[in-house]
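The values are calculated or read from the model by the stated rules, or taken from the named source; none is laboratory data. Because the structure is a prediction, the values reported are computed rather than measured. Backbone-built Cβ (ideal geometry, glycine too); neighbour counts: all protein chains shown. Heavy atoms of the whole protein, side chains included, go into the accessibility calculation; ligands, DNA and RNA do not. Shrake-Rupley method; radii C 1.70, N 1.55, O 1.52, S 1.80 Å.
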Amino acid sequence: VSGVYSIENGQWRWMGSRAVVILKSPGRPAPLEIRFFIPHNSPARHIRVSVDDKLVAGQTYPDTGGYIITTTPLQPTAASCTVTISVDKTFSVPGDRRELGMILNSVGFLQ
């Protein structure tokens, strides 16, 4: 919905300080999984995840690299839900106006 940039090199998408996506709610309680990568030039270290404005995960990462957040099983009440992912710090690179937080690889409920 917002805060996620177009795919680059056919492989990844940058997000800004806050990414919002809408997902179809699972038919039964299921964990939410977020796969992401914090590049060496990103100062982001604290990641928060909310579903329908309720905090479901938050963690500080000590270094750059690839990570996975997996929540406890969730059962949103509506047919779809809003997932918000936020980072504590962003940066910009010369010649690029975007505010960059981290690379978002995937967001979805595990079945």
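Give me the accessible area per residue for the chain, probe 1.4 Å, as a whole number in Å².
Numbers: 6330 Å² over 111 residues.
Using a 1.4 Å probe on heavy atoms only, each residue of the chain averages 57 Å².
Once C-alpha pairs closer than 8 Å and six or more residues apart are averaged by separation and normalised to the residue number of the chain, the relative contact order reads 40 percent.
Taken about its Cα centre, the chain carries a charge dipole of about 120 debye when Lys and Arg each add +1 at the Cβ and Asp and Glu each add -1 at the Cβ. With a Förster radius of 22 Å applied to the beta-carbon distance between Thr72 and Lys24, the computed FRET efficiency rounds to 0.70. Charged neighbours of Met102, selected by a Cβ distance under 13 Å, balance to +4 (K, R count +1; D, E count -1).
Over the residues of segment 56-95, compute the C-alpha Rg and express it relative to 2.2 N^0.38 Å.
Against the empirical 2.2 N^0.38 Å value, I get 1.64 for segment 56-95.
Taking only protein heavy atoms and a 1.4 Å probe, the accessible area of the chain is 50% carbon and sulfur. Model label points for Asn105 and His40, set 7 angstrom from Cα along the Cα-to-Cβ axis, are 1.9 nm apart.
From the C-alpha gyration tensor of the chain, pull out the three semi-axes of the equivalent ellipsoid (sqrt of 5λ each), sorted largest to smallest, in whole Å. Intermediate results must be reported in sequence, preceding the final value.
Details: eigenvalues 123, 42, 29 Å².
So the equivalent ellipsoid measures 25, 14, 12 Å along its semi-axes.
Tell me the volume per residue, in Å³, of the convex hull enclosing the alpha carbons of segment 12-64. Could you put the intermediate results ahead of the total?
Values: hull volume 5.6 nm³, N = 53.
Each residue corresponds to 106 Å³ of Cα convex hull volume.
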